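As structure tokens, the structure follows; a few thoughts come after it.
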Amino acid sequence: MSDLHPLSCMVRDFYNKLNTEVNFLCRLNDADLTKDQTDIYNQLSEEIKKRYYGSGINIPEKLEGKRVLDIGCGSGSLVFILSKLVGPKGSVFGVDMSDGLIDTAKQQSDFHAKLWGYDKPNFEFKVGNIETLDKLGFAPNSFDIVVSNGVFCLVPNKDAAFTHAYNLLKEGGQFYLNDVYAEKDPPEEYRNDEKLWSLGTTGAMRWDRLAEVSGRVGFTTPYLTCAAPVNIVKEEYNKMLGNGRYSCAGWRLFKLGQGAKRDASRVTYNGNISAFPQAFPWDVDLTFPVTMFCCCWMMLLHFPL
Ligand SMILES: C[S@@+](CC[C@H](N)C(=O)[O-])C[C@H]1O[C@@H](n2cnc3c(N)ncnc32)[C@H](O)[C@@H]1O
């Protein structure tokens, strides 16, 4: 790839090395997964589980039949999970610039297609730069959902990455983003420090910039779905980072259609997402309970007079 920023070349070398050394473990934030999602994760091959490097797996709901893109998919842990959840009529694509991780994902493809009972994989992996996603041949407005886990904090040109995610989504589509965020900017002298950048710190966006950058390309307000502090153990790194605090956080962002209503609306949740029969957690501030009408209706079904 000739279009990579020098910092991205360094990140690619870092992740290609991790792929062969496998000496860096990320904790799975399984508190944010439903029981079914955790069961699916647990069935992934050991080769894939030990190469999970994300900031927290968040999985959107009601995926059956959907066309999904994972930008910065690494060795494909989330792609393989989504492959099961979209079912045989859906499809999943994973893009990453680290060719070593993509090779590992491809080597593990047959295992996961068989595991989910598919004759042929409903997923595909491509090597590519998410700052120039338009070069990979995906049609604009062609994905129902875009996901990304622990990637934007490593990308120098965030505007470009958000723009491509936006352009590839269909109108009404959802961007399910998990990433590392900073409380404040790092000290100027360490802003491009290679080690700190490849650990996802100095390139992490400030919380308050996410809405500004994603809004500029057209996304709605980001809705926070989960957050957890990042524990930087090495005191030396904390000093270099000016003792700034970092967090992993998950968000839903939407690409609304032309003329979509953006003002306050009345919403009814009818309980039709199987993992959430009583109430649907939209974000950390808002949960939609099943409406009284639906509750009564369900009670009548269970206790016929
Ligand atoms: C922290 S890892 C997360 C990988 C994967 N999402 C996971 O959960 O295991 C970050 C990934 O982003 C990829 N990445 C960083 N910058 C990229 C870019 N500009 N284009 C494509 N991939 C990129 C790296 O190669 C690496 O695989």
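The values are calculated or read from the model by the stated rules, or taken from the named source; none is laboratory data. Nothing here was measured: the structure is a model prediction, and the numbers come from that model. Here the Cβ positions follow ideal geometry from the backbone for every residue, glycine too, while neighbour counts run over all protein chains shown.
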| request: Could you check, for segment 279-292, whether at least one of its residues is modelled with pLDDT under 85 and not assigned by TED's automatic domain parsing to the domain that holds GLU189? | output: yes
| within 13 Å of the ligand (Cβ to nearest atom) and part of a helix (DSSP H, G or I): does that describe ALA165? | yes
| request: Using the structure shown, decide if GLN278 is exposed (fewer than 14 other Cβ atoms within 10 Å of the Cβ), within 27 Å of PRO140 (Cα to Cα) and out of contact with any Phe, Trp or Tyr (no Cβ under 6 Å at 6 or more places or on another chain). | output: no
| Assuming GLY54 fulfils every condition listed in (1) within 12 Å of the ligand (Cβ to nearest atom); (2) modelled with pLDDT of 95 or more apart from one, which condition is it? | (2)
| request: Evaluate the following for LEU28: is it of a type in the set (A, V, I, L, M, F, W, C), modelled with pLDDT under 95 and within 10 Å of the ligand (Cβ to nearest atom)? | output: yes
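Here is a yes/no grid of residues against (1) in the same structural domain as VAL86 (by TED's automatic domain parsing); (2) within 13 Å of the ligand (Cβ to nearest atom); (3) touching a residue at least 40 places away in the same chain (Cβ under 8 Å); (4) within 22 Å of GLU61 (Cα to Cα):
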position	(1), (2), (3), (4)
PRO140	yes, no, no, no
VAL146	yes, yes, yes, yes
ASN149	yes, yes, yes, yes
GLY173	yes, no, yes, yes
| Identity of the residue in segment 57-90, under 16 Å from the mean Cα position of the chain (by Cα) and among the small types (Gly, Ala, Ser), that ends up farthest from the ligand (Cβ to nearest atom) | SER83
| request: Taking GLY172 as the residue in question, decide whether it is surrounded by fewer than 16 Cβ atoms within 10 Å (Cβ to Cβ), among the small types (Gly, Ala, Ser) and either modelled with pLDDT under 95 or in contact with a Lys or Arg (Cβ under 9 Å, 6 or more places away or on another chain) (or both). | output: yes
| field | Failed item in (1) of a type in the set (Ser, Thr, Tyr); (2) at pLDDT 95 or above; (3) more than 13 Å from the ligand (Cβ to nearest atom), with THR34 passing the rest | value | (2)
| query | Within the group GLU212, GLU183, which residue is farther than 30 Å from LEU85 by Cβ, without any contact (Cβ under 8 Å) to a residue 12 or more places away in the chain and more than 16 Å from the ligand (Cβ to nearest atom)? | reply | GLU212
| query | So, in segment 78-106, of the ones that are free of Cβ contacts under 8 Å to residues at least 60 places away in the same chain and of a type in the set (S, T, N, Q), which residue ends up surrounded by the fewest Cβ atoms within 10 Å (Cβ to Cβ)? | reply | SER91
| said: Please verify whether ILE40 is in a helix (DSSP H, G or I), more than 12 Å from the ligand (Cβ to nearest atom) and in contact (Cβ under 8 Å) with a residue 40 or more places away in the chain, treating the condition exactly as stated. | reply: yes
